Amino acid sequence: MTTLFTPRLTIRPLTPDDLPTLVAYRNDPEVARFQAWALPATLDAAQGLVSPAPLGAPGWVQRAMAHADGLLGDLALNTRGPQAELGITLARHAQGQGYAAEALRALLTHAFGPLTLHRVYASIDPRNVAVARLLSGLGFRHEGTSRQSYWHRGEWTDDAQYALLADEWTP
Ligand SMILES: CC(C)(COP(=O)(O)OP(=O)(O)OC[C@H]1O[C@@H](n2cnc3c(N)ncnc32)[C@H](O)[C@@H]1OP(=O)(O)O)[C@@H](O)C(=O)NCCC(=O)NCCS
């Protein structure tokens, strides 16, 4: 188990008590619009996100972004050898207050520090301007966009790759 601390957040494993809140924000159409989970999100499906596996363990490892007032969102790292994909979601009421940038700074410092990863990347819908701006602000490069490369929520969707190398990261 890995717990990361930021000025306002604790990044820790999800617990069963977090799941009603997580399912509620995952069913918010604004939050789900560019995300891959099946709708409606259910408590049953969310059980699979509760795991004590440490960040950096092979495959997707999910973490809570917890604030003194409760669960604000979740993030995840999908590690395959020396590379990992990240994902992040905040409840609508918690967006636009710098929480994602704060959490990802801690995650990247951990990924390129103790986990010694070489490359972290994200795959986004280019219409998702919030996440494009978030990643660019952290130093991720836009590597390219695959046009209409997957079918998502009823339409062919573009897939933009963003990546950051260990030697490009400034904590
Ligand atoms: C993407 C997301 C995680 C950003 O979280 P956040 O906490 O609101 O982001 P921050 O407040 O840390 O802001 C980071 C940057 O994005 C910008 N930003 C945030 N929301 C924005 C929006 N709706 N439109 C434009 N820019 C936005 C901020 O201004 C900031 O840029 P700056 O540093 O240049 O000022 C959040 O909007 C979210 O959870 N969206 C729904 C789920 C999702 O789509 N996740 C990404 C899937 S890959």
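The values are calculated or read from the model by the stated rules, or taken from the named source; none is laboratory data. These figures come from a predicted structure and were not determined experimentally. All Cβ positions, glycine included, derive from the backbone under ideal geometry; neighbour counts span all protein chains shown. What goes into the accessible areas is simple: the full protein's heavy atoms, side chains included, and nothing from ligands, DNA or RNA. Shrake-Rupley method; radii C 1.70, N 1.55, O 1.52, S 1.80 Å.
Short-range pairs are left out: with C-alpha atoms under 8 Å and at least six residues apart, the relative contact order of the range 1-107 is 29 percent. Here the Karplus relation 6.51 cos²θ - 1.76 cosθ + 1.60, evaluated at θ = phi - 60°, turns the backbone of the range 121-137 into coupling constants of 9, 9, 10, 10, 7, x, 6, 7, 5, 5, 6, 4, 5, 4, 5, 4, x Hz, with x for every Gly and Pro. Note on Glu168: accessible area approximately 70 square angstrom, rounded to 10, probe 1.4 Å, nucleic acids and ligands left out.
Among the protein heavy atoms, those of Arg8 account for about 90 Å² of accessible surface (1.4 Å probe, every chain in place). Database remark: amide H of Leu55 closer than 5 angstrom to the amide H of Thr2 (H placed geometrically; neighbours at sequence offset of 5 or more, or on other chains; Pro and chain starts carry no H). Distance from the alpha carbon centroid of the range 68-123 to that of the range 47-67 works out to 11 angstrom. Here the Karplus relation 6.51 cos²θ - 1.76 cosθ + 1.60, evaluated at θ = phi - 60°, turns the backbone of the range 13-25 into coupling constants of x, 5, 10, x, 5, 6, 5, x, 5, 4, 5, 4, 6 Hz, with x for every Gly and Pro. When the alpha carbon coordinates of the range 4-168 are projected onto the principal axes, the ranges are 40, 38, 30 Å, largest first.
Extension gain, Ala53 to Asp17: 0.36 nm times the residue separation minus the Cα-Cα distance gives 11.2 nm.
Quick check: pseudo-label points 7 Å beyond the Cα along Cα→Cβ at Asp69 and Thr42, how many nm apart are they? Going by the 7 Å Cα→Cβ label model, 3.2 nm.
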